[in-house]
Every structure is written in structure tokens, then in C-alpha cells.
Amino acid sequence: MKIIKTVCHRDCPDTCFMDVTVDQGKIIATRGSTENPVTGGFLCPRGNGDPQRVYSQNRVLDPHVKAGFGASEPFSRVSWDVALSTVSDRIQATLDTHGKESLLLYDYPGNTGFLAWHFAKRLWSALGATTSDYTLCSSSGHAGIGLHYGLSYGLQLEDMAASRVILFWGNNARVSASHIWAMARHARKNRKAILVCVDPRKSPTAEAADIWIQPRPGSDVALCYGIARYLIEKGGVDQGFIGRWTTGFPVYAEKAMEWTPERVEQVSGVPGHRVTQIGELLMTHRPAAFMIGLGLQKSMQGAEAARAVALLPALLGLHRGFQYSNSRGQTIDYPTLNGGGLSGHPGKVVSQVAIGERLAAGGFKFVYVLGSNPAMTLPDQSAVRCGLDRKDVFVVVHDPHWSETALRADVVLPAPTYLEKRDVTISDHHPFSRLSEKAIEPLGDSRHEIWVMQQLARQLGLTADWLYEDPWAALEKTLAQTYRKGGLENILSGEVLEVKLRPNDVYQTPSGKIEFAASVSPAGATPLPVQQPLPPADSRLILLNSSTAKYTHSQFTDVYGPIPQVVWVNPEDAANRSIEENDRVAVFNELGTVTLHAKVTAKVPAGTLWAPRPLIGLNGVPLNALVPGLAQKIGDGPIFNSVRVKIEAAGRLSESDPSGHSRTIKEKQRV
Ligand SMILES: Nc1nc2c(c(=O)[nH]1)N[C@H]1C(S)=C(S)[C@@H](COP(=O)(O)OP(=O)(O)OC[C@H]3O[C@@H](n4cnc5c(=O)[nH]c(N)nc54)[C@H](O)[C@@H]3O)O[C@H]1N2
Ligand SMILES: Nc1nc2c(c(=O)[nH]1)N[C@H]1C(S)=C(S)[C@@H](COP(=O)(O)OP(=O)(O)OC[C@H]3O[C@@H](n4cnc5c(=O)[nH]c(N)nc54)[C@H](O)[C@@H]3O)O[C@H]1N2
Ligand code: SF4
Ligand SMILES: [Mo]
């Protein structure tokens, strides 16, 4: 029995240090390490479920090729030789016939490792393949906050822990970042910090917070201006700080004064006394930490909301008194690591959010999927799936598990999980970093991402030295400026290092200050945050969706069963539609219909629904079939939380469904 020290490589703010108990080459248990104060000795249900996921029935253990390359053909097991030559022949044929732009690398952080993810991209950089712009998760928030701060990095968690008010704004940290939440709870217990949650629904975080503020979805800018007006009127702003560190305050203040309590309530639904409560709290309990969630910025006005919240701490005299994601404050040489900066002929970059349309139109003839499950997690699912299923589109998936995308692929290559390889990953939210040691040997015939990419490079006759460079030597260069003290050498010898963050009082704006009115605004952005008009109140509802504790996006259904097929409906909306608890309901719009069980609850306000993401409905249709592939104006991010739908008891849909989707609904009215 031995304990292997590693780090969880999942796409998660917490990036836990994990100790793995291994007996005779088999993982027995995973445990949270105490070497990292943020991990604090515990893991979430996913970290705890890893041993089951590693040995799940759903592992891909050998290369597979689909006979006949048709969507409905069966897979057959093949050798690596056959799989690799099938893939490289197809790459070559695609290059010869359609050119490099029709090769698409579709990658995302299924494994956040520097080697398994970034270094493995070198092949595609060498080929000049098309890649996506990584806008699916956080880009609009980065862009919105960046308008005022230059780069979007914010406070360190130790600053949060020392704050007297901690606001989780559009951030369900209790579920999405359970270790950060645990630190906040600790601050409440030990330092009497007050925890506030701003969320239209009573999320698990809202339930456990001291104060819950409930704006309408998409109305956060109005609420922020309301709070700003209160602070300005009551002398709660730090004029000394504003004079020394900011520009544009007068024009911002003028705009804020337009937001009377009555107007704020009219738009956001938040009554005046709640705005007063927050304003008073911020004035009397200093300092505050604004924890800005990614859910906040996934809507039509998401970037506007993120920028509006990020300006509040500046009123209080705080340098970057928020945390969104600190990735932009770190110094990591990605272009060298992923080869983008080495190839000399960068490939085309296309919108990730809107990629469905291109896929469906046959815009790519060869798609290589790495660390992602686009047939579940992308918007515009009907288009995405239609594109992946096209006969003239060759799809290769390298994944440890039979993901929904793998099932639609022509070739599936088995990857080891992160517990089966050595790597380094770092958090966007905390500074602690250590080596991720390999816990066990790769299962079955699974092979590392770098091995696969180098084999393909050889078969394609690519000769650039940097394709075959020792990955650890490349990583050493990549991380040369990353740590406060030390480098990869220290990591390899087992030390825990801290990642350096740019100074929090340096602003990369043209003025070098926090710009309340942004002096550079890209097309579609105004200097000040704008409260966009909310959609008219009609028979459609807004469908919010966010993650639940047991799943990372589409992962872990092999351990915990399907993502719950439920939708939360306010009692008033339910009564108006004769929907009762646990009824089968159809949630639909012009893009599709998803059938779910209704959970009638006042945790969502009237006019708003909530569902766990990214579920598959009782009728087999994924939630993301309802989400348009529309990108926001600022930052090109998705609009998952602005989806408008109707909801009806499923059996009655055929009478009134204007969209013609009733053909897919055959369920009985009641279960
Ligand atoms: N409806 C809705 N949809 C959303 C969102 C939303 O808010 N609402 N949010 C979006 C967000 S924030 C994100 S970040 C995306 C995430 O989108 P994805 O990145 O597609 O998320 P996952 O479903 O986790 O898919 C990761 C895949 O990587 C694989 N993988 C894991 N480890 C490894 C490894 O070591 N090597 C390889 N090769 N593969 C590995 C997993 O098995 C899995 O198939 O989803 C987006 N989708
Ligand atoms: N268990 C688990 N944890 C995860 C993940 C996972 O898949 N599973 N994924 C990770 C990833 S990649 C991401 S991006 C993060 C995301 O995690 P968070 O940053 O917490 O974001 P979400 O969970 O998408 O949404 C948070 C809250 O925003 C609320 N919200 C929606 N619209 C609005 C609005 O207009 N205004 C306000 N104020 N609130 C709104 C939602 O109701 C929701 O409760 O989670 C990470 N952590
Ligand atoms: S998924 Fe996140 S919270 Fe869970 S063990 Fe991994 S890093 Fe920690
Ligand atoms: Mo994300």
C-alpha cells in the first residue's frame, strides 16, 4: 500500500491536492490533502468518486474504429497501428483535398494538465489546423471586467478569508467551488464575516448565506447602480482612493444617480430596503470581497453584469476587491507550450459558442476532439450533433471514457485518466502548486495524448524538432516566470510552490488606473456598464441552468447515474399551467423540446425555471438543444442563462405547441 501525491485535473476552481491510496497497482481510495490549505483535507463527490470512474464500465480501453464510418455503424476494436494509420491517412487526405482550414481541433479542459492538454496541441499547431476560441466558459466576464481593469485578475483567497463581507454574486460556490465556500464559512465562524448571495434562484449557496438578494435574471447592472447610488449619497465611497487610483468617476456617478430605488426595484425586483441593507453592510463592514460567478456572465447581458459588479469594490477603496478568475494575472508561456508561437503559420480560430452552425454546414471535414464532450456541452446541440453525424465529416475522439461524442465518432482512441499520468496543473483561483504524480499505470491499451500526437506527426512526415521535444524541458521554459520562487525543478522534487500573480494595484488600462468609464471599448461596448432591457413578460420563461455537486459537466453519470431530469417551476407558473409536482413536462422553444419532471418550488421566481446542466431529457434530447449558438457582443461568450422557453404538461403539448415539436412528445400526461 502506498500513498501517491497528485492534484485533481478537473476543470474546477479548487484544483485540490489529492492523496491516492494505491495497493498492488490499483487505486483504493482518494483523499484530500492538507498540504494545500484550500483543499483542507477533503474532496468533493467527484474527487471521492474518482476510483469508481477510473474503473468504470464506461472506460475506453482499446482503439476503436467504426466500420463503414457511418453514424449508426458498430465499432470494432483495432490495434493502435490500424487506428493511427486510419487517422493519419484521413488527415492527409483532408489536407490534400480541402486544405488545413477544414481540419478542426476541438479541445477543452477535460484534463487541465499542461502536458496532456497544451503540449498535446503541438501537432495541430504544426498542421495549422482550425481551433476554437475557448469562449464557452468565461470569456465574456474576462472581457467585461477587462474594460475597466485592463486584465481581469482579482484578489487572492487569503484576502477573501480576511474580509468582513463576502458576496457570492451569480456564483453557486457551495456547489461549484466547495473549498472556496468552506473558506468563506470558516471566515464567518472565526471572523464573523457575513456571507451574501446574489442569485435569482435560491441556490444551495443562497440557502446557506446570511443574506440572499434575489434580482431578476439579467438585472444585475441595475442592482449595482442602485448600490452605487446609495454609497455615493451616504458618503460611503472612498474619495481619496477614487482620486488617486481611478478615472471616470463623475460620469459613472452621474449614471448611478439615475438609478433611484424605485427604478432599481422596477427593473430588478429588489426592493429599496434590500439595496439599503447591502449598502449599509458594505459601509460598516470593511473590507468586502466580491466573488463573481461564471453563471453571472453567461447571458445576453453577462459581460455587462460582470463589469458592473467588479466596479463596486473600487467605490469602497479596494484594489481589485473581486475574484472572477485569476488566469489573466498569471505568467505562463502558453504559445511556446502549445506550439502556436513556434509554427509560424497560425491556424484559423472560430467561435466555439457558434461552432454548431459551421459543423452542421460541413465547414470541417476532420474533427479531432480532445478533453471535451461537445455532443453534450455546446449550445445549439441539434446542429452540433447533425454536424458530427455527417457522412463527410470524420470525427476522432481521444478520451478515457465513452462520452456521447465518442459514441458518434469514427475513431475512438483510449486515453489514460489524469490518475494514470504525470503532469502539472495550476488553479485559476488559488496559488498552490505541486507535481501531479502518476498513481497507476494506464489502464488497458490507453495511451498518453503526447504519444498519440507524436505518432501521428511521424506518420504524417512532419519534421519540426519542437514536435518531438522532451515535454518536461518544454514545460520548464513555460513555467520559468510562473512561480514566486522556484520553478519546475522544485516541483519535480516534491515541493509546494506558489504561483505568482501580477500586482493588484497595477491596471493595464490606457490610463494605468481603474477606469469607471472605459476609455477603450470594443464594438458593441459602451464606456459605462449598461442595463439592457429585459425580455418582455409573456408566456415564455427564462431557463437558468448550472452544475450540481456530483457531476463535472457531462462526466460522472457512470458513477452517479443520469444527471437529474428535473426542472424547477415556481408554484404560480405551475398553477397557471396545471402542472403538479413530478409531472412530466415539456420544456420547449423554436430549437427543440426537452421532457423533464417538474419540481414545483418557490426557489425560483415566477417567470424563471432552473435545470441542472447539461442533462439529457426523458425524451433523449439534451438540454443544450434549447440553447441558441449566439455569442455575446462583449467577449463572444455564450448565453446559457438567457434561454427563453415555454413549459407545458407533456401530454397536452400537441394542442398548443406552435413550434411543431409536438411530434417528438409521446409521453402520457402523468407519470
Ligand atoms: N447548458 C449549459 N451547458 C454548458 C454550460 C452551462 O452553463 N450550461 N457551461 C459550459 C462550461 S462553463 C464549460 S467549462 C463546458 C465544459 O464542456 P466540456 O469540456 O465538454 O465538459 P465535460 O463534459 O467535462 O467533458 C470533458 C471530457 O474530457 C474527457 N477527459 C477527462 N480527462 C481526460 C484526459 O485526461 N484526457 C482526455 N483526452 N480526455 C479527458 C472526459 O471524459 C469528458 O468526455 O460546458 C459548457 N456547457
Ligand atoms: N460540481 C461542479 N462544480 C463545478 C463545475 C461542474 O460541472 N460541477 N464546473 C466548473 C466550471 S467549468 C464552471 S464555469 C463553474 C461555474 O460555477 P459558478 O461560477 O458558480 O456558475 P454557475 O454554477 O453557472 O451559476 C451560478 C449561479 O448563477 C446564477 N445566475 C444565473 N443567471 C444569473 C443572473 O443573471 N444574475 C445573478 N446574480 N445570478 C445568476 C444561477 O442561478 C446559479 O446559481 O463551476 C465549476 N465547478
Ligand atoms: S472536482 Fe474540484 S472540488 Fe472536486 S476534488 Fe477535483 S478540484 Fe477538488
Ligand atoms: Mo466552465
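The values are calculated or read from the model by the stated rules, or taken from the named source; none is laboratory data. Not measured: the values here are computed from a predicted model. FYI the Cβ positions are ideal-geometry reconstructions off the backbone, even for glycines, and counts take in every protein chain you see. Only protein heavy atoms, including side chains, enter the accessible area calculation; ligands, DNA and RNA are left aside. Shrake-Rupley method; radii C 1.70, N 1.55, O 1.52, S 1.80 Å.
Subtract the Cα-Cα distance of ASP333 and HIS98 from 0.36 nm times their separation in residues, and report this length gain in nm to one decimal.
Numbers: separation 235, 0.36 × 235 = 84.60 nm, distance 3.19 nm.
Stretched fully, the ASP333-HIS98 segment lengthens by 81.4 nm.
For LYS603, list the aspartates and glutamates whose Cα falls under 15 Å from its own Cα; do not include residues on the same chain fewer than 8 positions away. Straight-line reach from LYS603, under 15 Å: ASP199, GLU207, GLU572, ASP573, GLU581.
Hey, what D do you get for region 534-607 in µm²/s if you plug the Kirkwood alpha-carbon radius into Stokes-Einstein at 4 °C and 1.567 mPa s? Before the final figure, lay out the partial values.
On the way: Rh = 13.8 Å.
Reported coefficient: 94 µm²/s.
Applying the criteria of a DSSP loop state and at most 12 other Cβ atoms within 10 Å to the trypsin sites (Lys or Arg not before Pro) of region 450-524 yields ARG484, LYS485.
Please state the relative contact order of region 360-456 as a whole percent: Cα pairs under 8 Å, 6+ residues apart? Provide the component values of the computation, followed by the final result.
Details: 145 pairs, mean separation 20.8, N = 97.
RCO, region 360-456: 21 percent.
The largest-to-smallest principal axis extents of the Cα set in region 1-104 are 55, 32, 24 Å. Surface calculation, 1.4 Å probe, protein heavy atoms: CYS386 sits at approximately 70 Å² accessible. Taken one residue at a time, the phi angles of region 444-457 give Karplus couplings (6.51, -1.76, 1.60, θ = phi - 60°) of x, 9, 6, 10, 4, 4, 6, 4, 4, 5, 6, 4, 5, 4 Hz. Gly and Pro are set to x.
The GluC sites (Glu not before Pro) of region 180-274 that DSSP puts in a loop, and whose beta carbon has at most 12 other beta carbons within 10 Å, are GLU258.
Can you give the charge dipole size of region 541-662 about its Cα centre, rounded to the nearest 20 debye, using +1 on the beta carbon of Lys and Arg and -1 on the beta carbon of Asp and Glu?
260 debye
With n ≥ 4 as the cut-off for DSSP H runs, can you work out [θ] at 222 nm for the chain, using -39500 (n - 2.57) per run divided by the number of residues, rounded to the nearest 500? Estimated from H runs of four or more residues: -8500 deg cm²/dmol. Of the Cα atoms belonging to region 2-54, the radius of gyration and Dmax stand at 10.4, 32 Å.
Over region 541-662, give the accessible area per residue in Å² for a 1.4 Å probe, as an integer.
Values: 4160 Å² over 122 residues.
Heavy-atom SASA per residue in region 541-662 reads 34 Å².
For LYS255, a cut-off of 29 angstrom between C-alpha atoms picks up these lysines, skipping any fewer than 8 places away in its own chain: LYS234, LYS298, LYS513, LYS633.
Taking +1 at the Cβ of each Lys and Arg and -1 at the Cβ of each Asp and Glu, which of VAL452, PRO527, TYR468 sits farthest along the dipole of region 451-604 towards its positive end, judged by Cα position relative to the Cα centre? With unit charges placed on the Cβ atoms, the residue in question is PRO527.
Which peptide among 609-618, 270-279 comes first, and what is the full order, when sorted by highest mean count of other Cβ atoms within 10 Å? Walk me through the numbers on the way to the answer.
Working: 609-618: 22.9, 270-279: 18.0.
Going by the mean number of other Cβ atoms within 10 Å, highest first, we get 609-618, 270-279.
Taking the Cβ of THR608 as the center, what net charge do the other residues with Cβ under 9 Å away carry, scoring Lys and Arg +1 and Asp and Glu -1? Each step should come with its number before you reach the end.
Working: positive: ARG201, ARG216; negative: ASP573.
The answer is +1.
Tell me, what is the percent relative contact order of the chain, built from C-alpha pairs under 8 Å that lie six or more residues apart? Numbers along the way, then the final one.
Numbers: 1564 pairs, mean separation 130.2, N = 671.
Answer for the chain is 19 percent.
Potential lengthening of the chain between LEU630 and ASP389 amounts to 84.6 nm, from the contour at 0.36 nm per residue minus the alpha-carbon distance. Charge tally for THR131 (other residues, Cβ to Cβ under 12 Å; Lys, Arg +1; Asp, Glu -1): 0. Extending 7 Å from Cα along the Cβ direction at HIS186 and again at ASN490 yields two label points whose distance is 2.2 nm.
Here is the list for region 307-357: trypsin sites (Lys or Arg not before Pro) lying in DSSP coil, each with at most 15 other C-beta atoms within 10 angstrom of its C-beta, are LYS348.
Along the charge dipole of region 186-268, pointing to its positive end and built from +1/-1 on Cβ of Lys, Arg, Asp and Glu, which listed residue (GLN266, ALA208, GLY235) has its Cα farthest out? Positive-end residue among those listed: ALA208.
For the chain, the carbon plus sulfur part of the accessible surface works out to 52%, probe radius 1.4 Å.
Provide the packing ranking of 537-545, 287-295, i.e. peptides ordered by the mean count of other C-beta atoms within 10 Å per residue, highest first. Please list the in-between numbers first.
Numbers: 537-545: 18.1, 287-295: 25.3.
Packing proxy ranking, top to bottom: 287-295, 537-545.
Do you know the relative contact order of region 541-662, to the nearest whole percent, from alpha carbon pairs under 8 angstrom that are 6+ apart?
On the way: 250 pairs, mean separation 42.2, N = 122.
Relative contact order, region 541-662: 35 percent.
Annotation: extensible slack from HIS273 through ARG540 equals 93.2 nm (criterion: 0.36 nm per residue apart, minus Cα-Cα distance).
Mind checking the log10 I(q)/I(0) for the chain at q = 0.06, 0.09, 0.11 Å⁻¹? Debye, one equal scatterer per Cα, no solvent, two decimals. With one equal scatterer per Cα and no solvent, log10 I(q)/I(0) is -0.33, -0.78, -1.19.
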